[in-house]
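Student: Have a look at this one.
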């Protein structure tokens, strides 16, 4: 079905990206494709540029078909064919590649068939870290969330029947059946309030007021559950990310496992690209850094010093004066552990030996630079 | 009043379920009944299938009447008749069974009488665990929630009177009385905003803007109170559920009561049906499991090992490499205790003896499997 | 101005209540007065019953005037005249008593003057515990709340000007000036969305979409700040209320101050009226009680035992079987300290001596009752 | 471009304020300027007072131009010219000074050009403490917030395409293209619900109901993330502010660093202007104060005692009777550390030596005053 436009270029792209999650090229194709699909539905815009839009859409489709085929082939070569094909990611790839052609084959109008290009958006899902976190929250809190949903549905149905009974004579069109009243109820309970259907009898309005206040309550519960769960999940995620890095920093290696767990809760991981300035001379400083991976360059007057894995820097602003005394820049992709002033003090208080190590090093550096 | 359709079948159903909370049959009857009631109010749908709808509704009603009678009989036989009849659940059963017939006897229009079938939904309430939790939150936080409600009502009345005064000359129909202004105020304060009644004078709009911002504030307070309370309640509930299971696992029995309380906060209970895959080979693992109840089957290359109550598994992915090394499936209904990687490390740090036990067992297993 | 209707009765009322916060009579007068004021504005209802409404309103006004005069007199007799007259409560009393008469004297239409009766609602404020808590939250979090308000206002103004510029030609009436656009912006940013004024140009709609999403953000920040602050305040309030009671229970007296502070965080105060059933035989129990004030009656088979201040009960359901073994009722107004199962276990783990005391007492009781 | 009106006066203002963040004069100019700009767009108001409005706007503009020039000059004199000019604050100053003149030069209509005066509002940003805190929250939580935004956009696009497909035949004008459907979707997903475009087919309404419920979910997630992050940030900010002050109070100097960190979490900083009454005689007291900076005057019967840096007061209300025994007022600008009753008890329990010091001092003071 797919007309291969610019085949070799696409092949190279697709081949290069078969193994990775979602590449920059794929993101570009998704964005382009969806925007073109939106333009397709705007009569005057499509009339003005229908050649370009068509070419673009077919190119995106070809890209996704190609990507799918390449990935299927690689999966079957490594004996994991069906496990890929039936995994969430495989199904999303299949849907992105096959939905539009299938619709065209099944005889759908061309403009209608291309609407399915919106499914390309789903290809973003497997690459997103936050969505995985979200799914965990949903699974862990499914019990309370379901309870709130049941309350939501019960209020919805009770309110619809009540308002249907109270309003059907006054507004036979808008409240002529329970499904019609349900439409009103859902717009009210979510506090959306379109205003296309509104009760007009005093009792109907009383029920409506009650439904709105219930809406606030349902909202509050929902938010409360999600907020609590998300907070816990974020903390857990940060701990997992940081733990590995902490154990690689020799400075912390002397600590016992309980202290390491303690320290891990205080640190925050920061991933930085190459040639990023971390500290700017003269700025106020309120944190220090440990290098878990990579290297940084300290721009001292007259010389440049490089610090590698396991070193720390930025401690001087926490110990004495508040201002940073040099520019510090990453030389390559680096992973740093950030220790906030608050936690720095806490840590120094609980582990006097660490405090001494940092103090000695800071004094040595100060001496060296003067 | 109830026409017994398919009496013996229903009798068997009802008898079987008299003692339990809400059975699958009852859930089906509730869903069917409510859907049919909704269809009843849709003119064309009802005209097309009124025989089926009538039969279905009477069948559901018969089921609920039967259930109520059976439960009443059992309750009176066990000397707890009145305590059941007047309990929340007994009243709900009574309402479900008697409301529609009563309405018909009192001469209500048939279509109107059947609207009361919406009360059948209430039968879901006693069986819901989350709703009990919710009621506890409401009771414990009744003080602050009431305060917010009073603030809500005060803003409502003050705003209504103000807007009534400002708008009554400009819009004598929409703002002709304080109750009419109250309707506007409640739709505005809940941020529903139907738009059927809107102030048009500058001062009226100023008051309206103030009411909307108050609405955000009320919303925020409400959410804040519910979120805080729900978080505490969830933690408490989880502790209660987990505590019993923890004490049954011999691995933790050696710990003192303070440590057990500590461990309980780290674990999460998970109830699983039979033949569920818990761990899939090759996946990344970030938790280990203790069997509180039931049995699991480990699918090792060449043999199948069964682990029973008190055993643990999944610890290898936490100790060394990140990937699960075997499929593990429940053999029957099982209750597992899940220990997250984060808490695993915390636990190992605080209780070195437990760490050693797990380490030894993991090494023994690794040796055995190679 | 006030026509004394049933003077002596009111005098007795007012005199009795001069010292207290807000009496039941005052609450009744407030509710009656405000409802009558609302009825006054509904043409047909007022026409039908204007004599009753007038008499009721004047009676309520007389009550409030009387209350104010009595309180002023008492305050001046005890040398605290001005401090009462100018305190929040004194001003509210003055406003409630003087606003309607002043309006009438100043020549306002009778119906308009009575609208000021809505100020009577303010008399509820000084008696509300929750509102004081709320004020503390507002004061402590004034910084962040103000920041959010400034963001809110900045988004409001920037959006209004942008939409005014974009829409003024397309909709010269609705968006004819920045104040008109501000009305739209406030209804949008609070997600109220009346729909009376809606942008129709593509760029205007883009700005509107951005404003709506900002609305969610502002909402989220606001809720977050209030939720956090309210949670802290609730904890603090509970601690203050509970602390006094804990020190009065001899059971806890042996603990050091640090442990008492610890215990205080675990307990919850519960104020109960006389003859309230606290524990019902046969129910599942998940907490135990300490009597801080008052007395309870245990309804054992064949005898009734009374427990006074400092005693505890309900511990058996926490130690062994889960079901309560007797009805327990308060004899008079009582203050109990509730210890949840979760915290009970924590407490027993941390303070083995307390655990022993409870255990001994429970065994003694079990022996005695068998 | 700027007509210098009242040049010397402005010069003095601007010169005086070149160094500071935002002065009172600048705030006044911003407020005046924006209000005048709003008035400019209201036809009748502008017609009535166009001379005054014009003069005011030009004066404000002159002020901002002057301020910018002065600041640039000072910056270049101190070798930091470009770093100021290109900093956030420099750019805001430039925009405020240059946008209106540029628009006028580029030939824009005078009324349209002055709309850019709304940019003056941005000058408020650099001076706001809360906004910096907010930016930190945004940066730290950018991951989860971005995830929610992506979910938001995906629901938006999927819903738009679905509703476009379902409604385009029924409502060719309102749902004639995907962008038109997007407008509906964004108003629905944010629960704004204008009601100008509403689905009318049953399936379209089903999708709409689903979108509304998703709206609640997105809202809940957003709020949850922001609430959690804001709470953490507030705690951190308070710690940083309080730490410096704590170390200056000799009373705490004897404590080890761990205890100081502990104490810092319990205290709250309070900045007070001169001659503010902190404690009023006869009030109920629930906190004590430490003087970190400044001086207070205790108004004892017959004499006035002054307490300076490092002293504490208000402890008597926490130790014995609940009522404050004297008025206490600041003599100059002061910084106090507030210790709540809850934390006071906690602190006394953990540090018995501090408890003794306070107790001795309280007894000494009581003796002295009687």
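Student: For region B:256-283, give me the residue count where each residue is out of contact with any strand residue (DSSP E or B) (no Cβ under 8 Å at 6 or more places or on another chain) and more than 10 Å from chain C (Cβ to nearest Cβ).
Tutor: From region B:256-283, those out of contact with any strand residue (DSSP E or B) (no Cβ under 8 Å at 6 or more places or on another chain) are B:256-265; that's our starting set.
From the residues that got through so far, the ones that are more than 10 Å from chain C (Cβ to nearest Cβ) too are B:263.
Looking only at that region, the number is 1.
Student: For the subset of region B:234-250 comprising residues that are buried (at least 18 other Cβ atoms within 10 Å of the Cβ) and touching a residue at least 40 places away in the same chain (Cβ under 8 Å), which member is farthest from the other protein chains (Cβ to nearest Cβ)? Show your work before the answer.
Tutor: First, the residues of region B:234-250 that are buried (at least 18 other Cβ atoms within 10 Å of the Cβ): B:234, B:237, B:239, B:242-243, B:245-246, B:249.
Subsequent filtering for residues that are touching a residue at least 40 places away in the same chain (Cβ under 8 Å) retains B:234, B:237, B:242, B:245-246, B:249.
Values: B:234: 7, B:237: 9, B:242: 10, B:245: 14, B:246: 11, B:249: 16 Å.
Out of the qualifying residues, it is B:249.
Student: Any residue at all in region D:99-112 that's more than 14 Å from chain C (Cβ to nearest Cβ), modelled with pLDDT of 90 or more and buried (at least 16 other Cβ atoms within 10 Å of the Cβ)?
Tutor: Yes: one or more hits.
Student: Within region B:195-204, how many residues are farther than 17 Å from residue B:180 by Cβ and free of Cβ contacts under 8 Å to residues at least 24 places away in the same chain?
Tutor: 1
Student: Now for a separate question. Among the residues of region A:334-370, write down those that are in contact with a strand residue (DSSP E or B) (Cβ under 7 Å, 6 or more places away or on another chain) and more than 24 Å from residue D:240 (Cβ to Cβ).
Tutor: Hits for region A:334-370 are A:334, A:335, A:369.
Student: State which residue is nearest to the chain's Cα centre (by Cα) when the search covers only region B:256-267 and only residues that are crowded, with 17+ Cβ neighbours inside 10 Å and in contact (Cβ under 8 Å) with a residue 60 or more places away in the chain.
Tutor: By that ranking, first place goes to B:267.
Student: Then there is this: Taking region B:323-343, which residues are within 12 Å of another protein chain (Cβ to nearest Cβ), without any contact (Cβ under 8 Å) to a residue 60 or more places away in the chain and crowded, with 19+ Cβ neighbours inside 10 Å?
Tutor: Of everything in region B:323-343, just one residue is within 12 Å of another protein chain (Cβ to nearest Cβ), without any contact (Cβ under 8 Å) to a residue 60 or more places away in the chain and crowded, with 19+ Cβ neighbours inside 10 Å, namely B:342.
Student: Identify, by number, the condition in (1) in the same structural domain as residue C:222 (by TED's automatic domain parsing); (2) in contact with a helix residue (DSSP H, G or I) (Cβ under 6 Å, 6 or more places away or on another chain); (3) surrounded by 17 or more Cβ atoms within 10 Å (Cβ to Cβ) that residue C:137 doesn't meet.
Tutor: (1)
Student: Let me ask something else about it. Is at least one residue of region B:204-226 more than 7 Å from chain C (Cβ to nearest Cβ) and part of a loop (DSSP other than H, G, I, E, B)?
Tutor: No, that holds for no residue.
Student: Find the residue count for region C:205-243, including only residues that are at pLDDT below 80 and touching a strand residue (DSSP E or B) at 6+ places or on another chain (Cβ under 6 Å).
Tutor: Number of matching residues: 1.
Student: Would you check which residues across region B:248-266 are assigned to a loop (DSSP other than H, G, I, E, B) and touching a helix residue (DSSP H, G or I) at 6+ places or on another chain (Cβ under 8 Å) and list them?
Tutor: Those that are assigned to a loop (DSSP other than H, G, I, E, B) and touching a helix residue (DSSP H, G or I) at 6+ places or on another chain (Cβ under 8 Å): B:254, B:255, B:256.
Student: Right, next: Would you mind stating whether residue B:311 is free of Cβ contacts under 8 Å to residues at least 40 places away in the same chain, within 27 Å of residue B:238 (Cβ to Cβ) and more than 14 Å from chain A (Cβ to nearest Cβ)?
Tutor: yes
Student: When the residues of region D:183-201 are filtered to those that are more than 8 Å from chain C (Cβ to nearest Cβ) and crowded, with 20+ Cβ neighbours inside 10 Å, which remaining residue is nearest to residue D:225 (Cα to Cα)?
Tutor: Within region D:183-201, the first condition is being more than 8 Å from chain C (Cβ to nearest Cβ), and the residues that meet it are D:184-185, D:188-189, D:197-201.
Checking which are crowded, with 20+ Cβ neighbours inside 10 Å leaves us with D:184-185, D:188-189, D:197-199.
Values: D:184: 26, D:185: 23, D:188: 22, D:189: 18, D:197: 31, D:198: 31, D:199: 32 Å.
Here the answer is D:189.
Student: Is there a residue in region B:69-81 that is touching a residue at least 40 places away in the same chain (Cβ under 8 Å) and within 14 Å of another protein chain (Cβ to nearest Cβ)?
Tutor: Checked region B:69-81: no residue is touching a residue at least 40 places away in the same chain (Cβ under 8 Å) and within 14 Å of another protein chain (Cβ to nearest Cβ).
Student: Do we have any residue at all in region B:115-132 that's modelled with pLDDT under 85, surrounded by fewer than 17 Cβ atoms within 10 Å (Cβ to Cβ) and within 14 Å of chain C (Cβ to nearest Cβ)?
Tutor: yes
Student: Report, by residue number, each residue of region C:344-353 that is crowded, with 18+ Cβ neighbours inside 10 Å and not in a loop (DSSP other than H, G, I, E, B).
Tutor: C:344, C:345, C:346, C:347, C:348
Student: If you don't mind, there's one more thing I want to ask. Can you name the residue in region A:154-164 that is within 8 Å of chain B (Cβ to nearest Cβ) and surrounded by fewer than 21 Cβ atoms within 10 Å (Cβ to Cβ) and, of all such residues, is nearest to the chain's Cα centre (by Cα)?
Tutor: A:154
Student: Shifting gears a bit: Would you check if there is a residue in region A:284-296 being without any contact (Cβ under 8 Å) to a residue 24 or more places away in the chain and more than 29 Å from residue D:244 (Cβ to Cβ)?
Tutor: Kept after step one, since they are without any contact (Cβ under 8 Å) to a residue 24 or more places away in the chain, are these residues of region A:284-296: none.
No, because not a single residue in region A:284-296 is without any contact (Cβ under 8 Å) to a residue 24 or more places away in the chain and more than 29 Å from residue D:244 (Cβ to Cβ).
Student: Oh, and also: For region C:9-31, enumerate the residues that are within 14 Å of another protein chain (Cβ to nearest Cβ) and either modelled with pLDDT of 90 or more or crowded, with 20+ Cβ neighbours inside 10 Å (or both).
Tutor: Across region C:9-31, the qualifying residues are C:30, C:31.
Student: I've got another one for you. Which one of A:174, A:180 is more than 7 Å from chain B (Cβ to nearest Cβ), within 20 Å of residue D:199 (Cα to Cα) and surrounded by 20 or more Cβ atoms within 10 Å (Cβ to Cβ)?
Tutor: Just one listed residue meets the conditions, A:180.
Student: State all residues of region A:41-64 that are over 13 Å from residue D:176 (Cβ atoms) and in contact (Cβ under 8 Å) with a residue 40 or more places away in the chain; if no residue qualifies, say none.
Tutor: Once the filter is applied, which keeps residues that are over 13 Å from residue D:176 (Cβ atoms) and in contact (Cβ under 8 Å) with a residue 40 or more places away in the chain, region A:41-64 yields A:55, A:57, A:58, A:59, A:60, A:61, A:62, A:63, A:64.
The values are calculated or read from the model by the stated rules, or taken from the named source; none is laboratory data. This one's a predicted model, so the numbers in the text were calculated from it and none came from an experiment. Backbone-built Cβ (ideal geometry, glycine too); neighbour counts: all protein chains shown.
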